[in-house]
Amino acid sequence: MGEKEKILIADDMETFLKLEKMLLERSGYEIIMAKSGGEAIKKVQMERPRLVFIDLMMPDMNGDAVCRFIKSNKATRHIPVIMVTTKSDAESRSRCEQAGCDDYITKPVTQRDLFEKIKIYVPVERRRHQRASLRVTTTTTGKSMTFTDFTYDVSEGGVFVETELTLPPGVVVDLEFTLPDEPVPVRAHGRVARVVSHAQATAGQ
């Protein structure tokens, strides 16, 4: 299994940090957390994350100052920085642009917001195990339910299943499907890691 991609999230709100850490770790990323601008700089230098999300307003050093530091350092200037703001007004956008930020998003940040940005700045081939397209019938069994749908693709790390049902992340399921030209079915036990739309899946999610 390849090394996990590191994503740094810097915010002084612990609740936000824990929520985003939980969402992203379930999708296979290594999450590094920082509660201040100074801590964010230290962790960027030590950990060399693949992507940085940082709140614009931080207690000791604001996010735009942290971004300037990252972008002025030869060893870290290549790291994409996404600013998290409480509003998308012209002043906030201007601060992000002047600091050299690659992008920004506004609070409240949703799971979809995070994955849309990650999709842009972390190439699929580096984020995931190599995936292979595979459309075969699969039977999924969970707590008090069984349904039949189709696989979308598979990899060493998991399988995407096309379904009209919405299963929340964390739900335990058992899958059974048969590979082409193989007499014995594949059986797997695991959890729902995340839910994506058809558009996200076809875009490389």
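Taking the longest Cα principal axis of the chain as reference, the axis of helix 111-121 is set at about 80 degrees. Residues whose amide H comes within less than 5 Å of that of K107, counting only those at least five positions distant or on another chain, are T85, T86, K87 (H built at 1.01 Å from N in the peptide plane). Database remark: amide H of I32 closer than 5 angstrom to the amide H of I7, L8, I9 (H placed geometrically; neighbours at sequence offset of 5 or more, or on other chains; Pro and chain starts carry no H). Once the Cα atoms are used to define both axes, helix 63-72 deviates from the longest principal axis of the chain by about 90 degrees.
Using a/c under 1.5 as the rounded threshold, could you call segment 25-78 rounded, prolate or oblate? The axes a ≥ b ≥ c are square roots of the C-alpha gyration tensor eigenvalues, and prolate needs a/b larger than b/c, oblate otherwise. Oblate, because a/c is 1.5 or more while a/b does not exceed b/c. The helix-only estimate of mean residue ellipticity at 222 nm for the chain, built from DSSP H runs of length n ≥ 4 each weighted as -39500 (n - 2.57), is -8500 deg cm²/dmol after division by the residue total.
For the chain, what is the relative contact order in percent, using Cα pairs closer than 8 Å and at least 6 residues apart in sequence? Taking the mean separation of contacting Cα pairs over the length of the chain, I get 13 percent. Past 31 Å, Cα to Cα, is the threshold; run K35/K143; K6/K143; K4/K35; K18/K143; K42/K87; K87/K119 against it and keep the listed order. Beyond 31 Å: K35/K143; K6/K143. Placing +1 on the Cβ of every Lys and Arg and -1 on the Cβ of every Asp and Glu, with no other charges, gives the chain a dipole of roughly 520 debye about its Cα centre.
With the cut-off at 1.5 for a/c, could you classify segment 6-127 from its C-alpha gyration tensor as rounded, prolate or oblate? Rounded, because the longest to shortest axis ratio a/c is under 1.5. Across segment 174-182, coupling constants 3J(HN,Hα) worked out from phi with the 6.51/-1.76/1.60 Karplus curve, θ = phi - 60°, read 10, 10, 9, 8, 10, 6, x, 6, 10 Hz, and Gly and Pro carry x.
No value in this document is a laboratory result; all are computed from the given coordinates. All of these numbers come straight from a predicted model, not from anything done at the bench. Cβ: placed from backbone, ideal geometry, glycine included. Neighbour counts: every protein chain shown.
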